[in-house]
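Everything on this sheet refers to the single structure shown next.
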Amino acid sequence: MTRDEFSELALACLGEVTAFARRLTPGGADADDLIQSTYERAFATWSTLRERRACRAWLFQIARHLHFDRLRAVKARPELRLIDDDDAIPAVATMAADAIERLDAREINAALSHLDEAQREAVLLCDLWGFAYDEIAAITSVPIGTVRSRIARGRARLAALLGNAASAEQSERRRP
């Protein structure tokens with residue numbers, strides 16, 4: 001594969017990698033930095049990619065590793081920064097039970113923010129980006145059984161969070 005062919009493959013995945021980075025990070029600037037770092041790393045090491053069809057998963061893996069490397073660095077040396085309105089954690093939205101089919105992105109993101117990092121990542125890779133369990137295992141460097149467990153627990157937690165929100169809304173409506 002030539003560098004130009006790799007460039008075409010990698011840039012075709014830019015939208016999905018951007019969406020993944022925005023869900024991994026708390027703010028817009030952090031996501032932009034992660035995307036830039038991901039593509040810098042990918043273009044620096046493009047020749048190590050063995051299979052063209054693995055490019056998408058490889059880019060997600062790079063983004064994930066860079067994100068967790070940054071989290072470890074921040075824990076080791078916390079930094080001070082100003083927060084933007086974009087950095088605010090959305091409150092869990094309440095909704096009527098009949099609206100469960102019409103979830104909007106804000107409600108889903110609010111519920112996703114309550115999952116632990118590993119579950120959120122597994123659910124997003126599977127349900128949003130359509131990776132197979134074995135691909136997720138390769139991206140996250142965990143056994144496939146762990147991937148299955150994280151997805152099942154993450155989905156169950158999401159269902160409970162969204163169900164609790166719907167129940168709370170219904171009981172509010174019943175009060176005189």
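Quick one: ASP87 ticks every box in (1) modelled with pLDDT of 85 or more; (2) in contact with a Pro (Cβ under 6 Å, 6 or more places away or on another chain) except a single one, so which number is it? Condition (1) is where ASP87 drops out.
When you scan the range 40-47, do you find a residue that is within 30 Å of ILE108 (Cα to Cα) and either touching a residue at least 60 places away in the same chain (Cβ under 8 Å) or hydroxyl-bearing (Ser, Thr, Tyr) (or both), even just one? No, the conditions are met nowhere in the range 40-47. The test for being modelled with pLDDT of 65 or more and among the aliphatic types (A, V, I, L, M) holds for ALA132. Inspect all residues belonging to the range 22-32 and state whether any of them is modelled with pLDDT of 90 or more, surrounded by 19 or more Cβ atoms within 10 Å (Cβ to Cβ) and touching a Leu at 6+ places or on another chain (Cβ under 7 Å). Checking the range 22-32: not a single residue is modelled with pLDDT of 90 or more, surrounded by 19 or more Cβ atoms within 10 Å (Cβ to Cβ) and touching a Leu at 6+ places or on another chain (Cβ under 7 Å).
Restricting attention to the range 102-158, which residues are of a type in the set (A, V, I, L, M), outside any helix (DSSP H, G or I) and under 18 Å from HIS65 (Cα atoms)?
Of the range 102-158, the ones of a type in the set (A, V, I, L, M) are 103, 105, 108, 110-112, 115, 118, 122-125, 128, 132, 136-139, 142, 144, 147, 151-152, 156, 158.
Remaining after also requiring outside any helix (DSSP H, G or I): 103, 115, 132, 142.
Matches in the range 102-158: VAL142 only.
The set of residues in the range 1-18 being within 14 Å of the chain's Cα centre (by Cα) and surrounded by 15 or more Cβ atoms within 10 Å (Cβ to Cβ) consists of GLU16, VAL17, THR18.
Before we move on, is GLN61 assigned to a helix (DSSP H, G or I) and free of Cβ contacts under 8 Å to residues at least 12 places away in the same chain? No: the conditions fail for GLN61.
When GLN36 is tested against the conditions (1) more than 18 Å from the chain's Cα centre (by Cα); (2) modelled with pLDDT of 90 or more; (3) surrounded by fewer than 16 Cβ atoms within 10 Å (Cβ to Cβ), the lone failure is (1). The number of residues in the range 150-164 that are small (Gly, Ala, Ser), more than 13 Å from SER113 (Cα to Cα) and surrounded by 12 or more Cβ atoms within 10 Å (Cβ to Cβ) comes to 4.
The values are calculated or read from the model by the stated rules, or taken from the named source; none is laboratory data. Nothing here was measured: the structure is a model prediction, and the numbers come from that model. Every residue, glycine as well, gets a Cβ built from its backbone with ideal geometry; the counts of neighbours run over all protein chains shown.
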